[in-house]
Amino acid sequence: MLHDITINGKNFRLELNGANPGWSCRLNRKELEIDAVLVGPHVLSLRLGASSYEIKSEHVGSGLYLWVGSQRYAAEVHDPRSFRGRARPSDDRGPRRISAPMPGKVIRILIREGDQVEAGCGILVVEAMKMQNEIKSPKRGRLAQILVGEGAAVNPGDVLAIVE
């Protein structure tokens, strides 16, 4: 997976590849030895060489912030393969499809069809490269349809659910 990352205004190119028994990581073309474990919702335990870090993420409005110890960093993550000019819906009217952001396996469905959801509410969990990723509702509404079941393999862009 290739990502362009901006941390406090400084740009980085991050390339992550899952490999047995661990990860392959390159930051700005420099190979790094890392090990990462998701230890809780929005909490990552990261070993970088001989150093260990606990990294917490928080979403405030449309911004992403990372906490490393008591330091807070503004962060932006972009997939350079995505269409940069792609139009995004500007309002919450109409049904919204929730798509898989990466290949993986659906390991847990958190709510049922017909349930009311808030924006940012977890819908299901997809496991990718031994990391569990909570897929969230993009808007407030009703979960109209879940199109996958637990244990289903998904690819990037596969529609997982629809929120009306």
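Check 157, 104 and return the single one that is more than 13 Å from the chain's Cα centre (by Cα), of a type in the set (Gly, Ala, Ser) and outside the structural domain of residue 40 (by TED's automatic domain parsing).
Values: 104 fails: more than 13 Å from the chain's Cα centre (by Cα).
Unique residue meeting the criteria: 157.
Within segment 111-134, count every residue that is in contact (Cβ under 8 Å) with a residue 24 or more places away in the chain and either aliphatic (A, V, I, L, M) or under 18 Å from residue 154 (Cβ atoms) (or both). Steps first, please.
Pass one, segment 111-134, residues in contact (Cβ under 8 Å) with a residue 24 or more places away in the chain: 111-117, 119-120, 123-124, 126, 128-134.
Subset that is either aliphatic (A, V, I, L, M) or under 18 Å from residue 154 (Cβ atoms) (or both): 111, 113, 117, 119, 123-124, 126, 128-134.
So the answer is 14.
Could you grab me the full set of residues in segment 145-164 that are touching a Pro at 6+ places or on another chain (Cβ under 8 Å) and within 18 Å of residue 120 (Cβ to Cβ)?
Keep residues of segment 145-164 that are touching a Pro at 6+ places or on another chain (Cβ under 8 Å), which gives 153-156, 162-164.
Of everything in segment 145-164, those that are touching a Pro at 6+ places or on another chain (Cβ under 8 Å) and within 18 Å of residue 120 (Cβ to Cβ) turn out to be 162, 163, 164.
Considering each residue of segment 65-79, count those that are at pLDDT below 85 and in a strand (DSSP E or B), and give that number. First the steps, then the outcome.
Taking segment 65-79 as the starting set, the residues that turn out to be at pLDDT below 85 are 77-79.
Then keep just the ones that are in a strand (DSSP E or B); that gives 77-78.
The total comes to 2.
Taking the condition farther than 18 Å from residue 42 by Cβ, crowded, with 16+ Cβ neighbours inside 10 Å and among the hydrophobic types (A, V, I, L, M, F, W, C), does residue 111 pass? Working first, answer last.
On the way: farther than 18 Å from residue 42 by Cβ: yes; crowded, with 16+ Cβ neighbours inside 10 Å: yes; among the hydrophobic types (A, V, I, L, M, F, W, C): yes.
Yes, satisfied.
Restricting attention to segment 14-45, and to residues there that are surrounded by fewer than 14 Cβ atoms within 10 Å (Cβ to Cβ) and of a type in the set (Lys, Arg), which single residue is modelled with the lowest pLDDT?
Of everything passing the filter in segment 14-45, 29 is modelled with the lowest pLDDT.
Please count how many residues of segment 46-67 are surrounded by 13 or more Cβ atoms within 10 Å (Cβ to Cβ) and either more than 16 Å from the chain's Cα centre (by Cα) or aromatic (Phe, Trp, Tyr) (or both). Break it down into steps so the answer makes sense when it comes.
Taking segment 46-67 as the starting set, the residues that turn out to be surrounded by 13 or more Cβ atoms within 10 Å (Cβ to Cβ) are 46-48, 54-57, 64-67.
Remaining after also requiring either more than 16 Å from the chain's Cα centre (by Cα) or aromatic (Phe, Trp, Tyr) (or both): 46-48, 54, 65, 67.
The qualifying residues number 6.
The values are calculated or read from the model by the stated rules, or taken from the named source; none is laboratory data. Just so you know, these numbers come straight off a predicted model, no measurement behind them. Heads up, the Cβs are rebuilt from the backbone with ideal geometry, glycines too, and the neighbour counts pull from every protein chain shown.
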